[in-house]
Amino acid sequence: MSRETVALDVLINDLGAVRAASFAAHASGAARDAIDQAIREATEALVDLMSTPFDEPALARARGAIEVAESVIGALCEEMLRSERVRMRASALHGRAQELVEQARAARASLTLVRPV
């Protein structure tokens, strides 16, 4: 197998892994648009590499485009995880706040029931 064929196979496999990761991200809206754009650009760079005589600059462009797509997906996934942690923490704090309010109401109710004579 030639060096060019091996390099091309690696890039095709890498792009496949990036596509799989993009589906696992479950992104929507602007995040999905950014992922899709990065994958489109990586795909175009790979197609350009395959449709012209093999050269190092084209290989570098394709590899760089795939790395950008990986970075975009990674950054968006990290942000989605951080956002989920924030939502979970907010929910826990909301629950604790409700408990404290109920305790305060119960304490206040017991004070109004007991009046000095």
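The values are calculated or read from the model by the stated rules, or taken from the named source; none is laboratory data. Predicted, not measured: the structure shown is a model, and the values here were computed from it. Neighbour counts are summed over all protein chains in view; Cβ atoms, including those assigned to glycine, are modelled from backbone coordinates with ideal geometry. For accessibility, only protein heavy atoms count, side chains too; no ligands or nucleic acids. Shrake-Rupley method; radii C 1.70, N 1.55, O 1.52, S 1.80 Å.
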**OP:** Please verify whether region 93-114 includes one or more residues that are part of a helix (DSSP H, G or I) and surrounded by 13 or more Cβ atoms within 10 Å (Cβ to Cβ).
**Re:** no
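Each row is one residue, and each column tells you yes or no for (1) touching a Ser or Thr at 6+ places or on another chain (Cβ under 8 Å); (2) open to solvent by 60 Å² or more (accessible area, probe 1.4 Å).
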site	(1), (2)
33	no, yes
36	yes, no
39	yes, no
46	no, no
57	no, yes
**OP:** Pick out the one residue from 82, 87 that is under 24 Å from the mean Cα position of the chain (by Cα), of a type in the set (D, E, K, R) and modelled with pLDDT under 90.
**Re:** 82
Subject >> Residue that is nearest to residue 84 (Cα to Cα), among those in region 37-69 that are at pLDDT below 90 and among the acidic types (Asp, Glu) >> reply: 48
Original post:
With respect to residue 20, is the statement that it is assigned to a helix (DSSP H, G or I) and either at pLDDT 90 or above or under 28 Å from residue 10 (Cβ atoms) (or both) true?
Top reply: yes
**OP:** Restrict the check to region 59-80 and report whether at least one residue is closer than 24 Å to residue 22 by Cβ, open to solvent by less than 100 Å² (accessible area, probe 1.4 Å) and among the hydroxyl-bearing types (Ser, Thr, Tyr).
**Re:** yes
Original post:
Does at least one position in region 81-89 carry a residue that is free of Cβ contacts under 8 Å to residues at least 24 places away in the same chain, closer than 30 Å to residue 4 by Cα, basic (Lys, Arg) and part of a helix (DSSP H, G or I)?
Top reply: no
Original post:
Of the residues that sit in region 1-31 and are hydroxyl-bearing (Ser, Thr, Tyr) and closer than 26 Å to residue 75 by Cβ, which one is most open to solvent (accessible area, probe 1.4 Å)?
Top reply: 28
